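What follows draws every value from the coordinates through simple rules; no lab data is involved. Please read all numbers here as calculations on a predicted model, not as lab measurements. Positions of Cβ are backbone-derived with ideal geometry, glycine not excepted, and every protein chain shown enters the neighbour counts.
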Amino acid sequence: MCPSLKELQNSLLEMYQSFYDVMEQEGLDVFLVGGSALGAIRHRGFIPWDDDMDAAMLRADFEKMERLLAARGGRIGVYRYLPAENEIHPDAPVGHLYDTRMVEKRGYALSPKIDIHPLDGVPGRGLMRKMQNVISKVYYLFAYNHPTKNKGKVMKMITRLILAVTPKRLRLAYVRSGKRFITRWNRADMTHVCSLYGEAGYTRETLPCEMVLPARRVPFEDREFKTFADVEGYLARRYGDYMTLPPASERRPVHGIADVEETC
């Protein structure tokens with residue numbers, strides 16, 4: 001029998017709590033972002049119809065987190081962390097946390113997950129920002145190694161062709177050099193950061209550092225987690241009038257995980 005949406009949310013909450021506790025012990029900041037930050041402010045917990053969680057970490061903390069979890073075999077108890085660059089269940093080049101018990105029953109595609117985005121420093125000049133944006137997209141394509149989704153048929157055909165004609169060794173070389181370029185602005189004096197693979201796009205995902213730090217604790221269900229210092233400003237930038245509920249027709253899980261009965 002498929003888990004209900006509430007059961008999925010409870011599973012996500014326990015998974016996130018386990019991850020969050022380890023990060024707190026290590027002195028690393030992890031922020032609720034996206035729909036999870038919106039849920040924290042508007043609903044004091046999950047958006048009622050949400051079926052995943054979104055978090056982010058500054059690149060320096062993100063890299064420390066990946067090394068820490070790699071040393072633990074990618075495990076936090078029954079939870080498994082898949083790093084940003086992996087061949088197990090390739091997705092966007094962000095980190096993913098799964099419940100291994102769910103994965104064993106349903107597979108990765110139908111299991112709830114927590115996306116953990118790195119926040120990278122942004123260059124000050126317009127031209128360099130455009131270069132960072134473009135290079136990050138090509139890096140995404142080669143790290144993901146699949147044609148783009150949700151960008152239209154033409155873009156899907158173009159990216160499929162690019163992957164077909166680019167030898168694997170060149171793709172891997174570009175992943176290495178591309179990552180060096182897009183992460184080169186992660187310095188102590190950076191003024192802006194960006195979730196390069198956030199759904200809102202480069203411009204709206206670019207934030208001044210004073211909007212992000214210092215981390216702020218907010219209620220979430222019966223817990224308390226960190227989010228951005230000016231989370232209201234962040235939500236307004238990303239969603240506009242974020243306190244107004246969407247139309248009833250849009251109040252449904254994005255991934256539809258709780259509705260797939262034939263896989264249970």
In nm², what is the average projected area of the convex hull enclosing the Cα atoms of the range 123-184? 4.5 nm²
Under a cut-off of 30 Å between alpha-carbon atoms, report the lysines in cross-link reach of residue 130, not counting same-chain residues fewer than 8 places apart. 64, 149, 151, 153, 156, 168, 179
Work out from phi, with θ = phi - 60° and the Karplus expression 6.51 cos²θ - 1.76 cosθ + 1.60, the ³J(HN,Hα) of each residue of the range 12-19, listed in order in whole Hz, and give x for Gly and Pro. 4, 4, 5, 4, 5, 4, 4, 5
Under the 0.36 nm per residue contour assumption, what length would be gained going from the current alpha-carbon distance of residue 72 and residue 131 to full extension? 17.7 nm
Under Karplus coefficients 6.51, -1.76 and 1.60, residue-wise ³J(HN,Hα) of the range 101-112 in Hz, glycine/proline x: 5, 5, 4, 4, 7, 10, x, 5, 4, 10, 10, x
With DSSP loop assignment and no more than 16 other C-beta atoms within 10 Å, the GluC sites (Glu not before Pro) in the range 1-45 are 26
Share of alpha-carbon pairs per 10 Å distance bin for the range 145-264, given as whole %: 10, 23, 31, 27, 10, 0
Cross-link reach list, lysines versus residue 105, counting only Cα pairs under 20 Å and skipping chain neighbours closer than eight places: 6, 113
For residue 76, other-chain or 5+-apart residues with amide H closer than 5 Å (H placed, Pro excluded) are 81
Footprinting proxy, 103, 175: sorted fewest to most Cβ within 10 Å, the residues are 103, 175
I need the phi-derived Karplus couplings for the range 127-141: 6.51 cos²θ - 1.76 cosθ + 1.60, θ = phi - 60°, integer Hz, Gly and Pro marked x. 5, 5, 5, 4, 5, 4, 4, 5, 5, 5, 6, 5, 4, 4, 4
Computed for the range 34-144: size of charge dipole around the Cα centre, +1 on C-beta of each Lys and Arg, -1 on C-beta of each Asp and Glu, debye to nearest 20, value 200 debye
Sorted from fewest to most neighbouring beta carbons within 10 Å, what does the list 183, 227 look like? 183, 227
The chain, dipole about Cα centre (Lys/Arg Cβ +1, Asp/Glu Cβ -1), debye to the nearest 20: 1460 debye
By how many nm would the segment from residue 6 to residue 200 lengthen if fully extended, with 0.36 nm per residue of separation less the alpha-carbon distance? 67.2 nm
If you take the Cα atoms of the range 1-152, find Rg, then find the Kirkwood Rh from the mean of 1/r over all pairs, what is Rg/Rh? 0.97
State the percent of C-alpha pairs, over all pairs in the range 108-215, separated by a distance greater than 24 angstrom. 33 percent
For 192, 43, what ranking results if the residue with the fewest other Cβ atoms within 10 Å of its Cβ goes first? 43, 192
To the nearest 20 Debye, how big is the dipole of the range 123-184 about its Cα centre, given +1 on the beta carbon of each Lys and Arg and -1 on that of each Asp and Glu? 60 debye
Amide H to amide H under 5 Å from residue 113: which residues, 5+ apart in sequence or cross-chain, H placed 1.01 Å off N in plane? 53
Under 5 Å, built H, 5+ apart or other chain: amide partners of residue 119: 57, 58, 59
For the range 13-113, state which trypsin sites (Lys or Arg not before Pro) are in a DSSP loop and have at most 16 other beta carbons lying within 10 Å of their beta carbon. 44, 72
Using only the alpha carbon atoms of the chain, find the Kirkwood hydrodynamic radius as the inverse mean reciprocal pair distance, in angstroms to one decimal. 19.3 Å
So what's the range 40-116 giving for Rg/Rh, alpha carbon basis, Kirkwood Rh from the mean inverse pair distance? 0.98
For the range 167-218, which trypsin sites (Lys or Arg not before Pro) pass both filters: DSSP loop (anything but H, G, I, E, B) and at most 12 other C-beta atoms within 10 Å? 187
Go ahead and estimate [θ] at 222 nm for the chain from helices alone: -39,500 (n - 2.57) per DSSP H run with n ≥ 4, summed, over the residue count, rounded to 500. -13000 deg cm²/dmol
